[in-house]
Amino acid sequence: MFSLALSISACIRAGTRVDLAWIVDHHNSTGPDPGQAIAITPGGGRIGSLGSEALEGQLIELAGIQSRCGRLLSLDADPPDYVESGLGLTDDAKCVLVPGSQMPDGLWQLLLNREPVCLVSHLEGDTITDTVLYTADTISELGDAARELFERESSTAEIVGDTVVTALWPISTLVVVGDEEAAQPLCSIATALGWKTVVTGNANDTSGIIASLSPMDSVVVLGHDLTRSGGALAAALTGEVGYIGAVGSQRLQQSQTDWLAFRGFTDLSRIHGPAGLDIGARNPREVAVAVIAEIVATQTAEAE
């Protein structure tokens, strides 16, 4: 849902209707991730994903006849041909579908800032009468069940009594600038830690990807292509990303320093280069361990 905040807030400012939907219960999931959400605009426009074309198609149809209030919907999560075969289940997913304008004031800015939040939507039958926003500073006001859900520090949603409780926690993103194969050891470890990973080898796309990163995110640059690596480092230095790492020899580091200096970047104190803690790494997998360890150490130090 964090990735939808900018688009939804822009629609609301422009007076364009936008509906927001996320899963709160699914027979195939022990804990649905409300971070996977979709924004639906008039005419069937869609941003984001629930990971189910069947669910998204039904929600797009329902959004067209949606009232001013939100609803808790029971839907078929399986494609029609799967249900007809006798293998599917019916009413096996519960989703919230709510107008973006009905969501609490301040929510979108908090999501843009990557702040954890808790949404408590009150139900009358299947109608959502209102949604109250809680943050880490106000979560103590909630009852035990809702507070414990938020304190798991992961995005999840549950129906608790006559409410839908939705906890939204941001996850760190690691952007690796380089070739897919070279990035694989880094991405494997980052994925195991629950991070989102993005690999890009396209110099034209790199700046836009890095510009959206926050202090809880990281950029690691691989390879000897100075245009690509230098451009990525420059983009990172002008943004808010929390960790910037450059993997490679001292000679490569000097070439990158010269490239950046020629373009006016002289304060390179935020760049970790060569990236990684000194653990005596001898191969790409060990280098990946050293880099990830340095990222964790950097994030931990900044949080204290």
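Bear in mind these aren't lab numbers, they're just calculated from the coordinates by the rules spelled out. Bear in mind that the values here come from a model prediction, so they are computed numbers and not experimental data. As a convention, Cβ positions derive from the backbone with ideal geometry for all residues, glycine included, and neighbour counts pool all protein chains shown.
What residue among 157, 146, 293 has the largest mean-square fluctuation in a Gaussian network model of the chain, using Cα springs under 10 Å? Per the Cα network of the chain with a 10 Å cutoff, 293 tops the list. When a/c is below 1.5 the answer is rounded, else prolate if a/b is larger than b/c, else oblate, so apply that to the range 2-168 with a ≥ b ≥ c taken from the square roots of the Cα gyration tensor eigenvalues. Because a/c hits 1.5 or more and a/b fails to exceed b/c, the range 2-168 counts as oblate. Magnitude of the charge dipole for the chain, about its Cα centre and with charges confined to Cβ atoms of Lys, Arg (+1) and Asp, Glu (-1), is about 1100 debye. The trypsin sites (Lys or Arg not before Pro) of the range 99-188 that DSSP puts in a loop, and whose beta carbon has at most 14 other beta carbons within 10 Å, are 152. Which angle from 0 to 90°, rounded to the nearest 10, does the C-alpha axis of helix 180-192 make with the longest principal axis of the chain? The two axes meet at around 50 degrees. Helix 226-237 axis versus longest C-alpha principal axis of the chain: approximately 60°, rounded to the nearest ten. Between 244, 12, 210, where does the largest GNM mean-square fluctuation fall for the chain, given springs only between Cα atoms within less than 10 Å? Between 244, 12, 210, it is 12 that shows the largest mean-square fluctuation.
Under 15 Å from a point placed 7 Å out from the Cα of residue 302 along the Cα-to-Cβ direction: which residues of the range 107-138 have their backbone N that close? Only 113-115 pass the distance filter. Is the shape of the range 173-303 rounded, prolate or oblate, going by the alpha carbon gyration tensor and its root eigenvalues a ≥ b ≥ c, with a/c under 1.5 for rounded and a/b larger than b/c for prolate? Rounded.
Sparse packing (at most 15 other Cβ atoms within 10 Å of the Cβ) combined with a DSSP loop state is found for the following trypsin sites (Lys or Arg not before Pro) in the range 212-304: 263, 270, 282. The angle separating the long axis of helix 250-262 from the principal Cα axis of greatest extent in the chain is about 80 degrees. Shown in residue order for the range 33-49 are the 3J(HN,Hα) couplings computed by the Karplus curve 6.51 cos²θ - 1.76 cosθ + 1.60 at θ = phi - 60°: 9, x, x, 7, 9, 10, 10, 10, 10, x, x, x, x, 9, 10, x, 7 Hz (x for Gly and Pro).
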